[in-house]
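Everything below concerns the one structure shown next.
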Amino acid sequence: MWAFLGSDVMFFGAFIATYLVYRGKSLVGPYPSEVLNIPITTVSTFVLLMSSLAMVLALHYVKEGEKNKGTLWILAVVVLGAIFMGFQFVEFREFAHLGLTPRTNIFGTTFFILTGIHGAHVTIGVIWMAFLAYSSNNGALRSDNALDLEIAGLYWHFVDIVWIVIFTVIYLISANDAPPPGMETITH
Amino acid sequence: MASLWRKLTHHDGNGWWNLPHTPSNEPNPPHEGPIGGAWLGNMWRILTHGGVSHAGPGFYWLVGLFLSIVTLVEVWLFAVEGLGSWYIPLLLFLSLLKFIGVVAFFMHLRFDHRLFTYLFGASMVVGIFIFTLLLLLLEFGNQPPN
């Protein structure tokens, strides 16, 4: 899993670098300052951070052999992950409503590819966790094979740290990126 | 420099700045916490149910609280005007703090086999190298030859 995560670091690193390379290069709007919603994204970031906390608590209780608490915290990961996906779905729909799609401008392309790939990772993680919650509930996931959950946990925490970087780079740093001087906003 | 690094990564039981480094399947040494020290070690023992494991729910809740507070500080910085050129470095620093918090404690890298740290660290170096190359390409790639 660590080897996979290492390769994923380079994978996401390339997409984040691409976003930064093309930052501020859009010739038409909407621009980041016109669409990014920091308060809403802060809440979704908090939700994802708390899902990491739930993950580590789930692993602790499964290792301790406390089946019910372990199952409950794995389910919490599933629910929090699903809530995060919901936030992302609403955000994407709102952006489309404002005229920003992957084909609108270079900001749209790089933004949707990066956050979309991250969202795909979250989706895979939620499905994985749902299976583990089922396994824990029926007794197949126990303290002696908690490594299965630990490996899934590493994946989940990795998804979390990628979002930590995305939240800073795309949202907090780019949120003030206004249209270039003399460039009028053109929405499709 | 090498001595300082060794102190930070190899706990010998002396000095509050020394971080413990014991395998995750071994109990914590007495009075040893995640950031060393006697009183911090006592707090650690309470949080980990007597120091028999590397971390317990109490410690994880503390890390979660820390991550939440750092996120709030980031958003507060976003709202503050007049930070100028300090804004991006401050955000990157806070982001790094969260990154380290999750990797070291939630992902247990702090207490895992050192090979995993090297593996992940090497990937980070390659990732940052690719990142830097792309930025340099943007900066100098379109210049006409002299």
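Scanning segment A:26-50 for residues that are facing chain B (nearest Cβ under 10 Å) and more than 18 Å from A:Thr115 (Cα to Cα) yields one hit, A:Met50.
Out of curiosity, is A:Ala130 closer than 30 Å to A:Lys67 by Cα, free of Cβ contacts under 8 Å to residues at least 40 places away in the same chain and of a type in the set (A, V, I, L, M, F, W, C)? Spelling it out, it is not the case that A:Ala130 is closer than 30 Å to A:Lys67 by Cα, free of Cβ contacts under 8 Å to residues at least 40 places away in the same chain and of a type in the set (A, V, I, L, M, F, W, C). Across segment A:78-88, a minimum of one residue is classified as farther than 19 Å from A:Val165 by Cβ and either within 14 Å of chain B (Cβ to nearest Cβ) or more than 15 Å from the chain's Cα centre (by Cα) (or both).
Only one of the listed residues (A:Thr71, A:Thr42) is of a type in the set (S, T, N, Q), assigned to a helix (DSSP H, G or I) and within 30 Å of B:Leu135 (Cα to Cα). That residue is A:Thr42.
Just one of the listed residues (B:Val103, B:Val73) is in a helix (DSSP H, G or I) and at the interface with another protein chain (Cβ under 9 Å from one of its Cβ atoms), namely B:Val103. Here A:Thr110 qualifies as surrounded by 21 or more Cβ atoms within 10 Å (Cβ to Cβ), of a type in the set (Val, Ile, Thr) and within 14 Å of chain B (Cβ to nearest Cβ).
So A:Arg23 passes all but one of these: (1) out of contact with any helix residue (DSSP H, G or I) (no Cβ under 6 Å at 6 or more places or on another chain); (2) within 10 Å of another protein chain (Cβ to nearest Cβ); (3) part of a helix (DSSP H, G or I). Which condition number does it fail? Tallying (1) out of contact with any helix residue (DSSP H, G or I) (no Cβ under 6 Å at 6 or more places or on another chain); (2) within 10 Å of another protein chain (Cβ to nearest Cβ); (3) part of a helix (DSSP H, G or I), A:Arg23 fails exactly one: (3).
Throughout, read-outs are computed from the coordinates displayed, never taken from laboratory work. Here the structure is a predicted model, which is why all the values come from computation and not from measurement. Backbone-built Cβ (ideal geometry, glycine too); neighbour counts: all protein chains shown.
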